[in-house]
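Okay, structure first, notes after.
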Amino acid sequence: MFVRHRCSRTPNRCLLPTPAQSGHDCVPVSDYHRSTVPPGQLPFSSRCLAHRGWVFGVLLAPPIFSFRVSDPLNVAAIAAFWIASAVISGLVYRVRRLAEGALSEIEDRTRAEDALKRSEAYLAHAQQLTKAGSWAYERDDICEYWSAEMFRIFGLDPLNEHPSSDLFLSLVHAEDRQRVEEAFIQHSMQGGTFDLKYRIVRSDGQIRVIRDFGTAIFEDGVVTRSVGACVDVTEQENLTQELQRREAYLAEAQRLSDTGSFGWRVSTGEKHWSEETFRIFQYDRTTKPTMELVVQRIHPEDVAHAKQTFERASQDGKDFDLEYRLVMPDGSVKHVHVVAHAERDKSGELEFVGAVMDVTAAKRAEEALRQSEEQWRDVFENNPTMYFMVDAAGKVIAVNPFGAEQLGYNVDELVGQPVVGVFYEVDREAAQRNIALCLERIGQAKSWEARKVRKDGTVLSVRETAKAVPRANGPIVLIACEDITEHKRAEEALRQAQADLEQVNRVTTMES
């Protein structure tokens with residue numbers, strides 16, 4: 001056994017002990033180290049710590065204090081105490097290291113759990129904002145997982161258990177239930193992915209539109225479960241349906257009014273046509289509209305003017321309004337009226353938004369009206385009958401040249417004057433009464449005889465036929481006057497001849 005002594009020759013110095021039976025003198029530790037340790041190597045005590053364990057290192061370390069031991073039992077007790085202390089210190093060190101490792105592991109696990117809770121909270125918040133829930137089903141339609149948003153979408157209590165397949169199908173709209181059930185059965189048998197839209201009816205009666213999509217998970221080539229998500233697309237579906245309704249209304253309105261819409265981006269030449277625009281130009285809906293197709297349909301006599309208008313508008317960036325004719329494949333001709341508004345987007349690109357109206361029917365109506373007016377004008381102005389148009393106040397608003405000439409006036413001299421001014425004074429009251437009766441019985445014709453006075457004072461006998469007709473600004477009376485002066489004279493001559501004959505007959509009878 002090795003012990004430490006205080007050397008009598010070198011008091012207060014720690015000496016390396018030697019066996020008692022060796023008989024050698026004690027050597028100072030520092031001298032021993034210098035004499036026995038090769039240069040560049042650790043001293044003996046350090047080598048003990050490094051290679052022979054911490055116990056010998058403790059035993060050979062320099063003493064904290066020195067004392068003299070005389071009883072061998074005390075020496076053994078002290079050595080045992082040192083060894084026990086070293087062992088306990090090592091155990092305490094190991095326990096401390098194990099405790100520190102356990103605490104570190106607990107802290108790591110706590111941090112991971114906190115991160116997981118944050119992630120779950122973020123996911124739940126994101127699902128609530130997007131109205132998208134997630135789900136997972138095992139084989140045999142066993143529900144494995146429903147997120148909180150799934151319960152909210154379907155109007156179920158999240159505190160209850162995951163819904164069964166029967167409960168889920170009972171929430172599907174009756175008109176969609178069979179289709180949904182067949183789709184899920186096919187998916188469970190074949191796997192793959194699915195994307196399905198259907199309606200559900202919540203317990204409060206509210207109908208929601210759901211888009212459900214998912215995918216199958218295979219293990220060893222067998223479908224073991226399906227995972228997916230449900231999105232509440234009710235608002236989007238309502239907006240889509242409203243947009244479709246408005247588009248349908250617009251298309252129908254365009255069809256009824258023969259009006260199509262278009263867009264023209266000048267820099268790229270890109271054009272967008274509505275259904276009615278394709279119909280007006282008689283191009284297939286799948287055809288890409290271009291300026292060349294437009295020019296191809298324009299009537300040869302209108303091409304130059306149309307192209308000039310288009311080019312000027314694209315250069316000036318101003319609105320334009322244009323009418324031209326189209327020649328259809330069957331040779332028929334259409335008249336179109338095009339109006340466009342120029343606007344620029346945020347990047348400054350010029351674009352025209354406008355409408356193209358098929359005005360063929362209107363043009364035909366205008367032409368028919370023009371011809372009718374010409375024919376009426378020919379009848380009115382060249383007919384050898386006096387025609388007057390009188391308003392409700394009894395003033396002349398029109399007279400044909402023949403009528404004015406028959407009375408010795410110009411047309412301008414009679415227009416705006418009271419019509420009764422041309423009647424014989426004795427017949428004026430009757431003429432006013434007859435015109436008033438026509439205005440009371442619009443559409444019914446009335447005839448009478450009267451006398452009119454020429455500008456030179458001579459008198460004409462006339463037969464008048466009048467009828468009141470409605471107009472936008474009030475009814476008017478149309479009067480046709482037939483000169484019966486000669487007829488009246490003939491009647492008067494005949495009457496006079498008959499009177500003369502009767503007088504002769506009476507005289508002859510009296511003489512006989």
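The values are calculated or read from the model by the stated rules, or taken from the named source; none is laboratory data. Since the structure is predicted, the reported quantities are computational estimates derived from the model, not experimental observations. Cβ: placed from backbone, ideal geometry, glycine included. Neighbour counts: every protein chain shown. Protein only, heavy atoms only, side chains kept; ligands, DNA and RNA dropped before computing areas. Shrake-Rupley method; radii C 1.70, N 1.55, O 1.52, S 1.80 Å.
Some points to look at:
- Here His305 and Lys197 are evaluated by their C-beta separation; at R0 = 56 Å the FRET efficiency comes out at 0.60.
- Per residue, the convex hull spanned by the alpha carbons of the range 449-512 comes to 103 Å³.
- Ratio of Rg to Rh for the range 186-255: 1.22 [Cα atoms; Kirkwood radius as inverse mean 1/r over pairs].
- The range 409-451: C-alpha gyration tensor shape, a/c 1.5 cut-off, then a/b vs b/c: oblate
- Ratio of Rg to Rh over the range 301-447 (Cα coordinates, Kirkwood Rh, two decimals): 1.28
- A simple spin-label model places the labels of Asn238 and Gln178 3.0 nm from each other, with each point 7 Å out along Cα-to-Cβ.
- With DNA, RNA and ligands ignored, accessible area of His173 (1.4 Å probe; Å², nearest 10): 30
- When the pairs Lys307/Lys346; Lys271/Lys363; Lys395/Lys488; Lys271/Lys307; Lys363/Lys467 are compared against a 21 Å limit on Cα-Cα distance, Lys307/Lys346; Lys271/Lys363; Lys395/Lys488; Lys363/Lys467 fall above it.
- Cα Rg, Dmax (largest Cα-Cα span) when computed across the range 235-288, Å: 13.3, 38
- Sites Val295 and Arg364 - FRET efficiency at Förster radius 22 Å, r taken between beta-carbons, to 0.05: 0.35
- Label-point separation, Glu502 to Glu343 (7 Å along Cα→Cβ), nm: 9.0
- Ordered from highest to lowest accessible area with the whole protein assembly present and a 1.4 Å probe, Val379, Val426 read as Val426, Val379.
- The length gained on full extension between Tyr424 and Glu374, counted as 0.36 nm times the residue separation minus their Cα-Cα distance, comes to 14.6 nm.
- Each Cα pair of the range 302-384 feeds into the Kirkwood radius, which the Stokes-Einstein equation turns, at 20 °C and 1.002 mPa s, into a diffusion coefficient of 137 µm²/s.
- Difference of contour (0.36 nm per residue) and Cα-Cα distance, Arg312 to Met328: 3.1 nm
- Solvent-accessible area per residue for the range 356-443 (1.4 angstrom probe, square angstrom): 59
- Estimated vicinal HN-Hα couplings, Hz - the range 83-99 in sequence order (Karplus 6.51, -1.76, 1.60; Gly, Pro = x): 5, 4, 4, 5, 5, 4, 4, x, 5, 4, 4, 5, 4, 5, 4, 4, 5
- Calculated diffusion of the range 129-169, Stokes-Einstein form, Kirkwood radius summed over Cα pairs, 37 °C and 0.692 mPa s, µm²/s: 310
- Label-point gap, in nm, between Val92 and Asn383 - each point 7 angstrom along Cα→Cβ: 13.7
- Solvent-accessible ranking of Phe278, Phe81, Phe194, largest area first, probe 1.4 Å: Phe81, Phe194, Phe278
- Net length gained if the chain between Thr509 and Trp82 were fully extended (0.36 nm per residue, minus Cα distance): 134.1 nm
- Solvent-accessible ranking of Met328, Met510, largest area first, probe 1.4 Å: Met510, Met328
- Note on Gln432/Ile484: beta-carbon distance plugged into 1/(1 + (r/R0)^6) with R0 of 35 Å gives a FRET efficiency of 0.95.
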